[in-house]
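Here is the structure we will look at.
The values are calculated or read from the model by the stated rules, or taken from the named source; none is laboratory data. Please read these numbers as outputs of a predicted model, since none were measured by experiment. Please note: Cβ atoms are built from the backbone with ideal geometry, for glycine as well, and neighbour counts cover all protein chains shown. Surface accessibility is based on the protein's heavy atoms, side chains included, excluding ligands, DNA and RNA. Shrake-Rupley method; radii C 1.70, N 1.55, O 1.52, S 1.80 Å.
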Amino acid sequence: MNDDDVASSLREELGRLARGGVGLRKKIALYSEREIAEAVFFKSERRLGRDGIFRMRAIGNVGPPAVKPVRGRSRVGSEGWTAFIISQAVEASPKVYLNHPGPDRIRRNGVSLIVIVTDFLGSGSRVRAMIDKFIKVPSVRAWRSNSWVHFTVVAAAGTAKGIRSVQSHRTAPTVSVTHVVPTLNGFPNPEAADKWRRLMSRYGPRRARGSGPEGFDDGGALVVFSYRTPNNTPLLLHQGGAGWTPLFQGPPSEDMRAAFGLGKLSARVKGAALASRIPLADDLTPEEGRMIVILRAVRGRWRAGQEVEFAERTGLTVPEILDAKDQAQAVGLLTKQGHLTDEGQKLARAGAPKIRKRPDIPTNPEMYYPQALRAPR
C-alpha cells in the first residue's frame, strides 16, 4: 500500500464517524497511535470536590504530543503520517473533531468518543497498551463507568489477529479497518504459505527488531507500506543477516513505488473471485462482479464479523463489503437476518459463465412415428 492508499482509507473512516455523529455529545477526540513512555496518558492532581472529599482529577488542555520519539531515539514512526491525517480531518470538521485534546478540553467540549488512529494494526499490542494508559487515569475511568466516553480504533489496514486482539480489550472498543491483510497463518493458499516458511527456514536472520523469522508475535503479515515496513512482516523482506540480503531496508526505494497500490476495482474483483474459487462471467461490470462474489460467499447466513474474514481472504475492503451487504439487503437479495433470498440465489447463479450447449447425440437411429393420435375430449 502506498501513502495515498493509507490516507484515503483513514479519511474515509474518519469521515464516516463525522457524518454518523455519536448521539447528543458529538465531539470526537483524535489521537495518533504511538508508544507512550509515561505510565498514564494524562496527568492528575488531587482536587477538593463539592462533597468535601479530595479526589484525583485529570488536568490540562493539551494531551501528549502526537509525535515524540521515546527512550532517547530520534526515529519517528508512522505516527507522523497519521498525525498529519488527523490535522486534516480536524480542519475539515472542526465542529466534530479535536486534535489530541487534554482532559479539560474533553470536559468543556462534551467529548463522547476517544479515537486512536493508526495506519496498521499488526498484533494490536501497542494500541492495547495505549488504551491501558488511558484507563489508568482516574477521570477516564469515571467517564467510562458513567458511559460518557467510549473508545474507537480507526486503522487503514490490519490483520484479523490484531483486530480481534483490540476488540477483546476490557474496554470493548469499536474497531474500524478498511483493509484486512493476509498472513501466513490465514493465507488462503496453504501451499504458498508453506513455500514462505521453507524459504524463511533457509534464509534470513533468526531474530531482529525483537521478532522471530515471521515477524513480531509470529504475525507473518504480508503487507508493506511505501514509507515503512511493519515489524509484523517476515524478516527476510527487510532485514539482512546470515548471508542474506533483504529486498529492501527501511522504506522501499523510489524505483519500487510502482509496485505499491491497490489496483483497479476490476482487477481486485477478479482476484477475489479467484481466491474464493467463484467463476464470473466476462460481461459483468466490476460492481456486479463484486456483488456476486459477496453473495456467493454467504453460506447459510451472514455472520457478524464475517466481513473481516472475507476481506482477509479476498483483498476487498471492509467498507465496500459492508456497503454491498447493505445494498443487497435494501434490494431484497439478503434478509435482515443475513439469509439469501430466492432473488439473491438467482443473481449469484446468474453471474457464472454460461455453459455451452452440448450437441444432441441421437441414441436411436430409427425414428419413431405414432400410428394413431388420441382423440381430444
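Past 19 Å, Cα to Cα, is the threshold; run Lys43/Lys133; Lys27/Lys136; Lys43/Lys136; Lys27/Lys161 against it and keep the listed order.
The pairs that break the limit, which is 19 Å between Cα atoms, are Lys27/Lys136; Lys27/Lys161.
Loop only per DSSP, at most 12 neighbouring Cβ atoms within 10 Å: give me the trypsin sites (Lys or Arg not before Pro) in segment 147-202, ordered by residue number.
Qualifying residues, ordered by number: Arg170.
Tell me the carbon and sulfur percent of the accessible area for the chain, rounded to whole percent, probe radius 1.4 Å.
Here it works out to 52 percent.
Which order do you get for His238, His150 if you rank them by accessible area with a 1.4 Å probe, largest at the top?
His150, His238
Does segment 82-149 come out rounded, prolate or oblate, given a ≥ b ≥ c as the square roots of the eigenvalues of its C-alpha gyration tensor, rounded meaning a/c under 1.5 and, failing that, prolate meaning a/b above b/c?
Judged from the Cα gyration tensor, segment 82-149 comes out oblate (a/c at least 1.5, b/c at or above a/b).
If you add up the charges near Arg197, with Lys and Arg at +1 and Asp and Glu at -1, over every other residue whose beta carbon is less than 13 angstrom from its beta carbon, what do you get? The partial results should precede the final answer.
Working: positive: Lys195, Arg198, Arg202; negative: Glu191, Asp194, Glu214, Asp218.
Its environment carries a net charge of -1.
At 1.4 Å probe size, with every protein chain present, just tell me what the per residue accessible area of segment 67-219 comes to in Å².
With the other protein chains kept in place, segment 67-219 gives 46 Å² per residue.
Net charge around Gly49, counting only other residues with Cβ within less than 9 Å of its Cβ (Lys, Arg = +1; Asp, Glu = -1)?
After counting each charged neighbour, the total is +3.
What FRET efficiency comes out for the pair Arg164/Leu322, r = Cβ-Cβ distance, R0 = 22 Å, nearest 0.05?
According to the calculation, E is roughly 0.80.
Hand me the trypsin sites (Lys or Arg not before Pro) from segment 286-324 located in a DSSP loop with no more than 13 other Cβ atoms within 10 Å, in residue order please.
Hits after loop and neighbour filter: Arg299, Arg301, Arg303.
Charges only on Cβ, +1 for Lys and Arg, -1 for Asp and Glu: so what's the dipole of the chain about the Cα centre, in debye to the nearest 20?
Values: 59 positive and 36 negative charges, 283 e Å.
So the magnitude is around 1360 debye.
Where in the chain lies the longest segment free of GluC sites (Glu not before Pro) that are both loop residues by DSSP (not H, G, I, E, B) and have at most 14 other Cβ atoms within 10 Å?
Maximal segment without exposed cleavage sites: 39-365.
Rank Ile116, Val308, Leu322 by how far each Cα sits towards the positive end of the charge dipole of the chain (+1 on Lys, Arg Cβ; -1 on Asp, Glu Cβ) and give me just the farthest.
Final value for the positive-end residue is Ile116.
Determine the alpha carbon to alpha carbon distance for each of Lys95/Lys325; Lys270/Lys336; Lys195/Lys325; Lys270/Lys325 and list only those over 25 Å.
Numbers: Lys95/Lys325 31 Å; Lys270/Lys336 28 Å; Lys195/Lys325 35 Å; Lys270/Lys325 19 Å.
Going by Cα-Cα distance, Lys95/Lys325; Lys270/Lys336; Lys195/Lys325 fall outside the 25 Å limit.
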